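Notes for the one structure printed next.
FYI, it's all coordinate maths here, none of it is from the lab. Owing to the predicted nature of the structure, the values given are computational and were not obtained by experimental measurement. Cβ placement follows ideal geometry from the backbone for every residue including glycine, while neighbour counts extend to all protein chains displayed.
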Amino acid sequence: MTHTSRFLVLFALLFGFWVVLSGIYTPFLLLSGFFSALGVAALSARMGLLDAEDTGIRWSLAPLTYAVWLLFEIIKSGWQVSKIILHPALPISPSLTRFHPSQSSTVGLVIHANSITLTPGTFTVEASSEVFLIHALSSAGIEDEEGSEMDRRVRQLEVAS
């Protein structure tokens with residue numbers, strides 16, 4: 001994919017995202033979205049982000065299936081956190097743990113760290129290519145992060161690319 005086509009794809013995705021989320025189609029808002037998307041795409045090009053040889057993730061059904069799986073994990077975890085908060089004894093046991101992710105690309109590491117943070121009750125405090133520092137509302141929430149389902153799925157997301 002050439003630099004120009006990457007620029008146009010990024011611009012189209014950003015502008016499309018703006019239009020879908022806005023839901024209001026007045027000329028002012030459409031022009032605002034157009035120029036905002038154009039500005040972000042231009043800044044990305046100037047920063048050299050469009051020249052990257054390998055982002056780690058390619059177009060396939062893998063990102064969609066991962067997003068659906070993550071949505072269900074967020075719902076399940078939200079339910080568990082709600083039960084903990086509403087319990088009269090408030091059975092929390094806040095804990096920090098270090099976790100060694102198996103992802104090799106920067107995009108894979110970012111997806112994994114953000115997926116942990118999106119899941120209620122857990123938060124990625126620090127992230128590097130070697131180790132994540134994760135905070136959890138209860139120790140049961142992070143007892144088996146090493147080799148976890150999320151780690152495996154994000155690694156598969158990388159491999160599918």
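Worth pointing out:
- Highest-fluctuation residue, LEU21, LEU50, LEU70 considered, GNM on the chain with Cα pairs under 10 Å: LEU21
- Footprinting exposure proxy for ARG152, ARG6 (fewest neighbouring C-beta atoms within 10 Å first): ARG152, ARG6
- Only Lys, Arg (+1) and Asp, Glu (-1) charged, at Cβ; the stretch 62-159 dipole about Cα centre in debye: 260 debye
- Each of ILE134, ILE92, ILE116, ILE24 was scored by other Cβ atoms within 10 Å of its Cβ. Listed from fewest to most, they are ILE24, ILE92, ILE134, ILE116.
- Look at the dipole of the chain built from charges on Cβ: of PHE123, PRO63, PHE35, the Cα furthest out on the positive end belongs to PHE35.
- For Kirkwood radius over Cα pairs in Å, calculated from these coordinates, the label among (1) 19.0; (2) 17.7; (3) 18.1: (3)
- Exposed-loop-free span, longest in the chain, where GluC sites (Glu not before Pro) count as exposed if DSSP calls them loop and at most 14 other C-beta atoms lie within 10 Å: 54-129
- Over the chain, relative contact order from alpha-carbon pairs under 8 Å, at least 6 apart, %: 23 percent
- Loop chymotrypsin sites (Phe, Trp or Tyr not before Pro), the stretch 13-49, which have at most 14 other Cβ atoms in a 10 Å radius of their Cβ (DSSP): TYR25
- Springs join every pair of Cα atoms under 10 Å in this Gaussian network model of the chain, and among LEU118, LEU71, LEU13 the largest mean-square fluctuation is at LEU13.
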